[in-house]
Every structure is written in structure tokens, then in C-alpha cells.
Amino acid sequence: MIDDPDIDLDNQVSGKLYDPHVVGRLGGYLRPYWPQVLFGAVLLIILAGLEVVGPLILREAIDGQIANRETDRLSVLVALYFSTLVGMFTIRYVQSVMMNYVGQRVMTDLRMETFAHLQKMSIAFFDRNPVGRLVTRLTNDVSTLEQLISQGVVQILANLLTVMAVMVAMLVLDWKLALVMYAFLPPLVYAVRFFAFTQRDGYREQRAWLSRINADLNENITGMAVVQLFNREKENLRKFDRRNRGLLGANLMVLRWYAIFEPTVVIFGALTTGVILWYGGGRVLDETLTIGTLVAFTQYMQRFYWPIRDLSDRYTTLQSATASAERIFQVLDEDAEVLDPESPRKLGHIAGRIEFDHVWFAYDDENWVLRDVSFDIAPGERVAIVGSTGAGKSTLMNLLNRLYDIQRGEIRVDGVPIPELAQRDLRRHVGIVLQDAFLFSDSVSENIRLRDPSISLAQVRAAAELVGADRFIARLDNGYDELLAERGANLSTGEKQLIALARVAAFNPEIVLVMDEATASIDPETEAALQASIRRVTEGRTSIIIAHRLNTIAFADRILVMQHGHVVESGSHSELLGRGGVYAKLFELQYKGQDLAPTGS
Amino acid sequence: MSSFQLARNYVLRYRWRYLIGFAAVLAASIVVMVPPIILRVAIDDLRASFDDGSALISRKELAWYGVLILGFALVEGFMRFGSRLLVSGTSRHVEYNIRTDLAAKFMQLDQGFYLRAQTGDLMARCTNDLQLVRDLLGPTLIDLLRTLLMLVIGFFFLLSVNLKLGLIAFAYFPIVAIVIASASTVVERKYREVQEQFGVLSTRVQENVSGMRTIKAYAQEDTESAGFAAANREMQRRSMAWAYWTAAMFPLMIVGTGASTLLVLWFGGHDVAAGRMSLGEFVQFNTYLILLANPLTSLGWTATSVQQGVASMKRIAEILLTEPSIADPAQPTELVDIKGAVTFRDVSFAYNGHPALTNISLDVPAGTMVAVVGATGAGKTTLVNLLARLWDPDEGQVLLDGIDLRLLPLSVVRGAVGFVPQETFLFSDSLTENIAYGRANPSEEAIDHALQTSQLGNDLAQLTHGIETVIGERGITLSGGQKQRAALARAVIKDPAVLVLDDALSHVDTHTEEEILHRLRDFAAKRTTFVVAHRTSTIASADRIIVLDRGRIVENGTHDELIVREGHYSRFYRRQLLAEQLDKPENEGLAT
């Protein structure tokens, strides 16, 4: 939870208790379940009615029976009391289950909506939002909201209804004594409100200190090497201690109010009991009030205070739930940047021609990554792209896949400009092998077909065999059913890439993009297997390969050389080598000799 | 020391507050039993007057009874206030102490610890676990004590009112307690199942978002949604299974309380009618039962809270009881005027059994500039890390001015080394604060010098608050090059005897880098400098070049010596020259 990088974002939400927009929108999620909600409300009213029955029975038992030394109807009253109890238990239980059900359904809906919304978002959105933040929206924030529905609103309603029912019952029993009791209501409500407000400020201060402290701690842990290298342990600890003391102060302040609140309610209770005894007792002496009524009033008093006292607890629940709702809605309100056309053109089987026509692109509208790039790739042609780091090679791939939209120019597949296609239709025809193969914590076969049920297990096996991944899979304890750890931590880099290649083979697209850049520590056997499988996967398909290995370049039909966002050279290996230009230098640098490869710069 | 002893030590520090707090709980539990007695007397008096018409009790006396009830409530309220403030308040102090101790421990722990630990896990212990421990030592402790005291004292009072009814209550209460406790156990188990599924959902979202490129590339958004929907439904199913039980808890408590009234009504009613018990006693007894119902029903939750707190304390103790493997020597050697001569004597080092450096021997006189070159993973960073004693060598010695680093106080070793690490880490604080990391309260001159050397001065004009601008998470984001130059300024202002640049200018553009190196030359002339670098001009100008290959020094000499040897270095140098040529932005003008 605290891993949540949201500390700043949290401050952006208003945190207002009642924001009509947020509440109204939340209400919309309740609409499909209105019969249950209505039923629950009816139950609450019945419940509030039953709540006042107990003391009435007690009164009848005292005045009508035991005070007169009679017991003939006592068993009836006890039975009545018992049925009231059973009724209350049943209704409360049914009502609670009902509201939990509604709460859970709404949460399931909201989670699903948010998840589906994320699937629609463009890659740029994921570049902006850290993973942790999005996970928190879908998990913690949704759970906080659930409390609002199943506990917050309902409990508040139930409390109010109970207070009202008790007030009515008291009025009916003895209106004079009832009015005396009412007199205590305004000061009590005022006190509760006062505590709620002071507590709210205290909680806010508490949260502010806590998030600061946690950010501080997180920063120190991550940067501990620097802290120690600069002998800053004492100084940082001193700073930390100052904040920790701030939190202690805020904590004690909140606690002080809380500690005062509880006794205040106790004293209020005692005060009313005292007054009932004095005023009611006097009335008993006048014989205008029975002892049974007096006892019933003392019992009502308890039912009267408890709900009011409970209201202050609900306040915090409501507040954090509203903040959570606001944060979830912020995500839901973000629009996708890369949009499908209104009436997309359909692609059937394609030949696989690719055209880049004067393409300009920048991730941030400012620093051009591609500058006026133009090239054609014929169906079935294998093209290798080479160039130093940052030349714009992987950007080409992202654009052809339409993960981002270009600023100027046009990209066409089989003559169709790609913005005229539905993104998913386009991507079905373009397979991609990413350099850092992402694996899911699922079985090997599900990782190959990405849980797509339209690809049979036989196809999965065939794909694995085609790329030669079957050999290492056979060595796994459970073969294709072997569960992979998070991010495939139990596989080597080479094995992960083989799975990524098998993925392409299984999906069988007409166009294949392969990222084959420098990877550390791959054993020669896997290395050979990888090269062979890249060759097989690209066979007969239009392919763009970001090449690292000389062998990969060698089997390409053509080589495009990129530098600083331009295509600077194009031709076959021998042509380009003969030209003695950028490619010749690159070749000299990257592909000749491997023992002391320079890094970075 | 066990986690229990650790917790005990924190508590014992505040033993008086705890003891007084406990005494207040005891007092409150006794005082709360008094008002029902007054109620009884009042009701019995009222009834007697009612029955025979004689004025046994006057309004004035009734008023006094009312005042008495209020008085006892005031005492009870005060005791409750005191106990909350003392015990819960003290638990806040304990929380504060543990948090400070954790932070202090983090400062001491070595890099080996941080390599093994995960930040998220450490943070969880400092937040969730700490909170559970605090609750255990505060509210939970009070609840537990109050429950036990109330039950014992309450039964005593119950029996004093009416022996028979008291014994019936004795038989009844354990039943309620057992029913509720066993229901809580089921609720607890169902809740764990919900939590497990919650974890599954989180992982799903986590993976989905992390693997979004792959998912989009294969147009698998719908499959992902379907998979999530299934997990989501399971979450709903488990939540409902939990709700069926938890929904019963609160009604159960209400019924538990109500049923006690039922018992009194039945058994007590007959006794009152038969004259074996007064009406006042009847009311008093009933009031006690209501009083006792609350603590009784909360027993289940209190028990859970205790369990969680104990488990959390164990996790916190794991950190607090870890001893750092790199620490000050017992009797540190004094070293005042540090010259900066560095010696590696047969040093070997391995991370978790993977050798990183093997038999490194190296003698660097004070004032020498050493360039360290080699492929990724050759051991360059490890070598310079040993120099600042971020790690200790497994074998051999690293010496500063002829003294083993392990014999010197850590603060002296680290004070002598100005380190610019490969991955820049700046704190989200103002730029001044970040630069002053190297030296407390630096003079204007020192700051100016550091800014000039690192070429950061020109960038300040672009920042809204100049050098006071806050950077990082709570402020603006600096570019990679700016960050590296800030880190350099931080090391320069320290005025160290040994300066280490671990590939520290990789994001700085060529022109600025040359400018920086030019200025550094004067600074470095008086200092021992280790530079891990790739740029040919930097390397060639070093007094000495060390070539590392798979953790061993394979070549060692000046640029001229090594270049004629036609070995690793000359190959590296030629390729690097070529790379620099290729990277030269010759076509830069075209686009803009």
C-alpha cells in the first residue's frame, strides 16, 4: 500500500466529504441493483421499528405484571421479547447480506470497467502512469469504496432511522419526559459535530506527516549508498526524527480528542439518567408516571446515544471513500490518445507491403526521433535495420504497430494508411518480438498463445517446434504446463526470447518485427538456436529486424542504416560495406570481435 | 534477543505510564458498577413510596441520586480518559521510538542487506507492521485488560445482587463468548481467502499493465479482460462467502445482549413477583448484563488483534536485530592528514558466490589519475565501491595511506572519498541541499566553485528558483545530464582526497563533458582520481589506465605503453574512437 507512488496525487483530490458530482456518479453504479437497495431500505425501516419494542415489553412486564406480583402473562411477554429478538436478528442479517451483495456487485462492475478502460488506453498513458499507481486504483481504492456502500451509507441511514423511531416511541410513552430527553439532543449533536471536525483536521495533519515520513524513508532506503558515502547518516536521521516528532504530535492531538470524546458520551448518558431519575422519579411520586415507563426510558436512552456516537466514526469512512472515488474517476475520465476511426477499413489476408512516407515523429512534440523517414518494404522482404543506440530503430516498430501516432507523413500497410484501420485489426497482422520478452505468471503454453483460446494447444506445440523452443520446454518438469514465475524469473534470457519467438509463430502474422539487440550472457547453444529461429520465423513474411548479430544481418534481403532519426543508407551487406560509409563503420565497431565491447557513451 | 524481549524493552521504558494507565482501567471498571446500585436504591424507594403511599423518598433525594450518578460518571469518564491517554498515548511514543530505531538501523545496514531486501517489503514493515504493533501495545492492550477486569468485577457484582441469577448468567455468558469467538474464527478464515484473491487480482493488474506492450502487440486486450473478469468473479464469490459470516457478527452481538434481558425477565420476573427480589435489584441486574455484553462480544476481535500484533513485531524485530556487516572498528586508528594513496592488496570479491573481482593488486600513489576500462560486468564498479568501503573484500585488503580501511572509522573513509556513482541518486529537496550533501554549511565560494566545475551554473538561470529549486518527486525533473552534474558538484564540494567518477558523465553531452574535464584537471591534480569512463579523450589523459576483464586486471600502464602493446586496450581504444565518430551529430542541422 505504501509502495503507492501517489502521495502527490492524493493531494490533488479535493477530499470533500460531499461532492455532488462524485456522489451522483457513484449513485449511477447502484442503479442496476435498485430492487435490492429498495428492499434493504424497507428492511431498515422495519428494523428501526423493532428496535423500540424491547423496552416496551419490559415496561409492560414491570407495570402490568411483576410490580403487581403477577406472573400469569410473563411467559407471553418473554415469548414476545424472544420473537422480537429473532426478528431483529433475521432482518439485520438479511439486510446486511443484501447490502454486501450490492456493494460487491458494484465493486466488481467498477473494477471491470476500470480494467477494460485500461485496455483501451494508449501506450503513452502507461509511459506517464507508474504501474503501482494504476494497480492501487483498481485494488485499494475500489475496496475503500466498497466500505462506503456496505457500511457507510447504510449504517448512517440505519442510525438516523433508529434515533427517529426512539424519539417517536418516547413521545408516545410520555410526551413530557420525552421533551426533557429531546433537550439533550442539540448539545450532543453539537458535541459530535465538534469532535468530528477537530478530528478531521487532526487526521489530515496525521496523514500529511505520515506520507512525508514514508516518502522520506523510501527515499533513504533507495538512496542509502549515497547517504552512507556522504556520511549523512546522522544528519538524515536528525531530519527524520523531526518529522517523526511532528507525526507523534499530530497523533497525540488526535488521540486527545478521541480520549475526550468517549467520556463525554458517558457523562451525557449519566446526566440524562440523573435527570430521568429526578424528574421521572418525581412524576412517579405524583403517580403520573409508572416505574415501568421510567425503566423503559433508561433503556431508550442507550439506543438513543449509540447511533449518534457512531455517526462520528462513519465520517472518516465517508471521507476516504469519496477521495478514492475521485481518484478512480480521474483514471476513467482519461481518453485514449490513439483512436480507432469511426468506420475502420477491414484487412483480410494481406500481402504485407509496408510504406513509410515522409514520417516525422517525436514522443513529446519537441525532440524529433524520426525526421522525414521514407522507405518501402515489398511483401515477403526481409529488412534489417542497423544504427547506434538512440538512432530511432525501435521507434519505427512502435509506429508501425501504431502504439503512437505520427505527427507528419503517412505509414501504409498494403497501401492502406494505418489510422484508417482498427488498431487491433492492424496488430493481428503485425507480430512483434520485443527485446525484453515479457512473460506472464502462467504456464508455458499460455505464455505462447497469450491465453488466446482461438489458438489450439497443437498450434502452440507446432510453433514451439518451429522456433526450436520445444527442446528446452521438454526439459522443464511439467513441460508446456510448467508455471513460469513472475516475469519469467525462472528462465534464462535466451529461453525467454525463444518463447517470444514461439509466440509470433503461433499467431502467424503476415508481418513480423523482431528486436534483436545486444543481450548479455547467452550461452552459445541458445545463441545458435535463437538465430536459427529468427530465420525460420521471418521466412516468407515481410520482416523488419533490428539486428544485432552479424548472422541475422547476413540473411536479410536489405539493410537500412539509421542515424539520428534518418535513414542514411540502404542496400545489401556487400554494397554498403563497399560504400565505406556509416554501415562500414558500424560493422567494424559492432560486428567484428566481441571480447571487449564498449558500452554506453 | 527475541522479538518479545525487544517489545518488552520498549514497554518497560514507559512502565510507569502503563502502570498508572492500567490502574485507571481498573478504577473505571469498578466505578462503572456503582450507578446501577444507585438506580436500584432509587427504584426500590420509589416503589415502596408508591406501594404504601408513605413519602419514603422526596424529590430532593431523587435529585441527589441523579447528581450522584453524574458524579460517578465523571469519575469513570476521567479514568477512561486517563487510561486512553496514558496507554494509547504511550503506544504512540513506542511507535515513534520503534520508527526512529528502524530508521537508525537502516542507516547502519550495509549494501549486502539492501541487495537482499526489497524496498517494498522494508516499507511494509515500517508502516503496516508498525501500526499493528502500536495497536497491540495501545488500544488492544486496554481492550484486553478492560474485558478481563470487567468480566471478573462484573460477575462479582452480579453475584452480590442475586446468587441464582448470577450463576445463570455465568452459564449463559461463556456460550455467547464461544459462539462469537468461533464465528470470528470462520470470519477470519474467510477473510484470508478474500485477501488471497485480492493478491491474485493485484498481480493480474500489475502484470497486465507491465506487459501492456505485448498485449497490445498481439491484440489480446479482450482475452485479458476475460481473464480478469473470471478472477473478478472469484473475488466476488469469496467476498460474499465472507459476507455471509461477517453479516451475522453484529446481529449476533445485539441478540447476545438482548437475550440476557430475556433471561432476567423470565427468571428475575418470577423472583420479583414472589418477593424474593426487589424491582430495583431486577433493574440493576439487567443493567449489569448490558454493561458486560460489550466487552464480551469484542473478545474475538481483540484476540485477532493480538495475533497480528505479535506476528508484526517479529517482522520488525528481524530488521532491528540484524547486525550490519560493515561497521566501525572497535578501536579505530587515527588518520588526520589524508594524502590519498590507495592500495589494493590481493583483493577478491564475490556477490552471492559470483566472483566479481579476483586477485586485484594495485598501488596508486596520492595525486594519480587512474582510468578504469573494461566491458560491462568486468568489475569496474565493484572496484570503486570497495574503495569507499561500501563492501568489504572477501580476501585481501584495501588500504588508504597504508592503513586497512577496516581499521579506520567509517566516517573517515567516506569523508576521504568523493563519489559520483553510475546511477545518479538525488534527494527530492532543493538543489542547494543536494549539493550541500557533500559538506555541511558550505561557503558561497565553495558552492560557486562546485557549480563551475560541474558546469551546472549556466543551467540555474533556467530554473524558477535558481539553486533553491526543489527537484525530484516533489519538484521539477532535471535532465539526465543535469542530474549527473549535480552529483558531481556534490562530490566536488566535499573537497575529498580521493575522487571517484563511476561512468558519471554518460548523459552529459560531449562539449560539456570536455569543459568539465578541463576544469576537473586542476581540481584532480591535487587528488587521487579514479575514473570509470568510455570517452577516449578522458581515458587517454589519465596518468594510468587499468583494463579489467572478468574481474581481473589484464593490462595496467599509461596510454602510450598500452597502445603499442596491441592488446585489449588498443582494440578497445580503436573501436571507441570509431563509435565517437559515428555518434558525432554531423546531420544535426537538417531537422531543426
**Scope segment A:382-421; condition buried (at least 16 other Cβ atoms within 10 Å of the Cβ), among the small types (Gly, Ala, Ser) and within 27 Å of residue A:553 (Cα to Cα); matching residues** = A:384, A:387, A:388, A:391, A:392, A:394
**Residues of segment B:235-285 that turn out to be more than 8 Å from chain A (Cβ to nearest Cβ), at pLDDT 85 or above and in contact with a Ser or Thr (Cβ under 6 Å, 6 or more places away or on another chain), as a count** = 0
**Request:** Exactly one condition in (1) in a helix (DSSP H, G or I); (2) more than 7 Å from chain A (Cβ to nearest Cβ); (3) touching a residue at least 12 places away in the same chain (Cβ under 8 Å) is not met by residue B:76; state its number.
**Result:** (2)
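Every residue, every condition in (1) under 21 Å from residue A:249 (Cβ atoms); (2) touching a strand residue (DSSP E or B) at 6+ places or on another chain (Cβ under 9 Å); (3) free of Cβ contacts under 8 Å to residues at least 24 places away in the same chain; (4) not in a helix (DSSP H, G or I), yes or no:
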{"residue": "A:164", "(1), (2), (3), (4)": "no, no, no, no"}
{"residue": "A:178", "(1), (2), (3), (4)": "no, no, yes, no"}
{"residue": "A:186", "(1), (2), (3), (4)": "no, no, yes, no"}
{"residue": "A:210", "(1), (2), (3), (4)": "yes, no, no, no"}
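Does residue A:71 qualify as being more than 32 Å from the chain's Cα centre (by Cα), facing chain B (nearest Cβ under 9 Å) and not in a helix (DSSP H, G or I)? Reasoning before the result, please.
On the way: more than 32 Å from the chain's Cα centre (by Cα): yes; facing chain B (nearest Cβ under 9 Å): yes; not in a helix (DSSP H, G or I): yes.
Considered against the rule, which asks whether it is more than 32 Å from the chain's Cα centre (by Cα), facing chain B (nearest Cβ under 9 Å) and not in a helix (DSSP H, G or I), residue A:71 comes out as yes.
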**Request:** Would you mind finding the one in A:118, A:50 that is in a helix (DSSP H, G or I) and under 24 Å from residue A:165 (Cβ atoms)?
**Result:** A:50
**Prompt:** In segment B:56-73, how many residues are among the β-branched types (Val, Ile, Thr), in contact (Cβ under 8 Å) with a residue 12 or more places away in the chain and within 7 Å of chain A (Cβ to nearest Cβ)?
**Reply:** 1
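Pull up segment B:420-439, narrow it to residues that are among the charged types (D, E, K, R) and in a loop (DSSP other than H, G, I, E, B), then point me to the one that is nearest to residue B:453 (Cα to Cα). Write out each step before concluding.
Kept after step one, since they are among the charged types (D, E, K, R), are these residues of segment B:420-439: B:423, B:429, B:433, B:439.
Subsequent filtering for residues that are in a loop (DSSP other than H, G, I, E, B) retains B:423, B:429, B:439.
Numbers: B:423: 20, B:429: 22, B:439: 16 Å.
Only one residue tops the list, namely B:439.
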**Message:** Exactly one of these conditions fails for residue A:355: (1) under 34 Å from the mean Cα position of the chain (by Cα); (2) within 26 Å of residue A:586 (Cβ to Cβ). Give me its number.
**Reply:** (1)
**Asked** Taking the condition more than 10 Å from every other protein chain (Cβ to nearest Cβ) and more than 23 Å from residue A:311 (Cβ to Cβ), does residue A:128 pass?
**Response** yes
**Message:** Just the residues that are part of a helix (DSSP H, G or I), β-branched (Val, Ile, Thr) and within 29 Å of residue B:114 (Cα to Cα), please, taken from segment B:300-322.
**Reply:** B:310, B:316, B:319
**Request:** Out of A:243, A:256, A:238, report the one residue that is touching an Asp or Glu at 6+ places or on another chain (Cβ under 8 Å) and surrounded by fewer than 20 Cβ atoms within 10 Å (Cβ to Cβ).
**Result:** A:243
**Request:** For residue A:231, indicate whether it is in contact with a Ser or Thr (Cβ under 7 Å, 6 or more places away or on another chain) and either facing chain B (nearest Cβ under 7 Å) or in contact (Cβ under 8 Å) with a residue 24 or more places away in the chain (or both).
**Result:** yes
**Prompt:** So, of the residues in segment B:379-429 that are among the small types (Gly, Ala, Ser) and within 13 Å of another protein chain (Cβ to nearest Cβ), which turns out to be nearest to residue B:477 (Cα to Cα)?
**Reply:** B:428
**Request:** Search segment A:109-118 for residues being at the interface with another protein chain (Cβ under 8 Å from one of its Cβ atoms) and surrounded by fewer than 19 Cβ atoms within 10 Å (Cβ to Cβ), and hand back the single one that is farthest from residue B:221 (Cα to Cα).
**Result:** A:112
**Asked** Among the residues of segment B:508-531, is there at least one that is assigned by TED's automatic domain parsing to the domain that holds residue B:418, buried (at least 24 other Cβ atoms within 10 Å of the Cβ) and either at positive phi or in contact with a Phe, Trp or Tyr (Cβ under 6 Å, 6 or more places away or on another chain) (or both)?
**Response** no
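Here is a yes/no grid of residues against (1) within 11 Å of chain B (Cβ to nearest Cβ); (2) more than 30 Å from residue A:395 (Cα to Cα); (3) buried (at least 17 other Cβ atoms within 10 Å of the Cβ):
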| residue | (1), (2), (3) |
| --- | --- |
| A:434 | yes, no, yes |
| A:441 | yes, no, yes |
| A:465 | no, yes, no |
| A:475 | no, yes, no |
| A:485 | no, no, no |
**Request:** With respect to residue A:144, determine if the residue is under 17 Å from residue B:205 (Cα atoms) and assigned by TED's automatic domain parsing to the domain that holds residue A:50.
**Result:** no
**Request:** Give the number of residues within segment B:165-200 that are surrounded by fewer than 13 Cβ atoms within 10 Å (Cβ to Cβ) and closer than 30 Å to residue B:31 by Cβ.
**Result:** 5
**Request:** Given the conditions (1) within 30 Å of residue A:424 (Cα to Cα); (2) surrounded by 21 or more Cβ atoms within 10 Å (Cβ to Cβ), report the number of the one that residue B:225 does not fulfil.
**Result:** (2)
**Message:** Quick test of your reading of the structure: residue B:312 fulfils all but one of (1) in the same structural domain as residue B:570 (by TED's automatic domain parsing); (2) more than 25 Å from residue B:528 (Cα to Cα); (3) surrounded by 20 or more Cβ atoms within 10 Å (Cβ to Cβ). Name the failing condition by number.
**Reply:** (1)
**Message:** Looking only at segment B:127-174, filter to residues that are within 30 Å of residue B:10 (Cβ to Cβ) and hydroxyl-bearing (Ser, Thr, Tyr); which one of those is nearest to the chain's Cα centre (by Cα)?
**Reply:** B:127
**Fill in**
Result of the Cβ filter at 6 Å on segment B:91-110, keeping first residues that are more than 8 Å from chain A (Cβ to nearest Cβ) and closer than 19 Å to residue B:142 by Cα and partners that are buried (at least 20 other Cβ atoms within 10 Å of the Cβ) and among the small types (Gly, Ala, Ser), at least 6 apart or interchain, is B:91/B:138
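The values are calculated or read from the model by the stated rules, or taken from the named source; none is laboratory data. Quantities reported herein were computed from a predicted structural model and do not represent experimental measurements. As a convention, Cβ positions derive from the backbone with ideal geometry for all residues, glycine included, and neighbour counts pool all protein chains shown.
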